[in-house]
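Presented below is the structure to which this report refers.
The values are calculated or read from the model by the stated rules, or taken from the named source; none is laboratory data. Computed from a predicted structure; not experimentally measured. Note that we place each Cβ from the backbone using ideal geometry, even for glycine, and neighbour counts take in every protein chain shown.
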Amino acid sequence: MPRLRPHPEVPHRAGGIEVIVLDKKRIAELRTRAQKLQPTLHVGKEGVTGEVAEELGKQLKKNKLVKVRLLQSMEIDRRDAGEQLAKAASAVLVEVRGRTAVLAID
């Protein structure tokens with residue numbers, strides 16, 4: 001019996017948080033576009049603050065795809081920081097690679 005996957009355009013709930021699921025083809029396309037980008041937002045030791053979330057929202061509205069640099073002084077886990085950023089900006093976390101997170105909106 002084939003495994004059932006959520007529809008790529010339909011949000012679903014995971015642990016009480018609404019998560020937007022993208023199909024693999026769309027994720028690959030966004031990763032390709034993100035390779036050419038330079039990080040335009042830096043998250044420091046204070047982590048995800050209201051100002052950071054606000055600026056991320058502005059950049060996402062303008063560019064649809066944003067690369068964020070997570071500085072080494074940050075105390076929380078990189079993946080958790082990426083998820084917090086995505087939740088704060090109502091965006092999709094495309095990937096976290098090293099200390100860089102890529103977020104997108106559709």
The lone exception for P6 - which of (1) touching a His at 6+ places or on another chain (Cβ under 7 Å); (2) modelled with pLDDT of 55 or more it fails | (2)
Report yes if some residue within the stretch 86-102 is of a type outside the set (S, T, N, Q), touching a residue at least 24 places away in the same chain (Cβ under 8 Å) and more than 24 Å from K24 (Cα to Cα); otherwise report no.
-> no
Those residues of the stretch 57-88 which are touching a strand residue (DSSP E or B) at 6+ places or on another chain (Cβ under 7 Å), under 16 Å from L37 (Cβ atoms) and not in a strand (DSSP E or B) amount to Q59, L60, K64, G82, L85
If you check V48 against the conditions, is it exposed (fewer than 15 other Cβ atoms within 10 Å of the Cβ) and modelled with pLDDT under 95?
-> no
Cross-chain or 6+ apart pairs with Cβ under 9 Å, the stretch 32-46 first and assigned to a strand (DSSP E or B), then surrounded by 15 or more Cβ atoms within 10 Å (Cβ to Cβ) and among the acidic types (D, E) = L41/E55
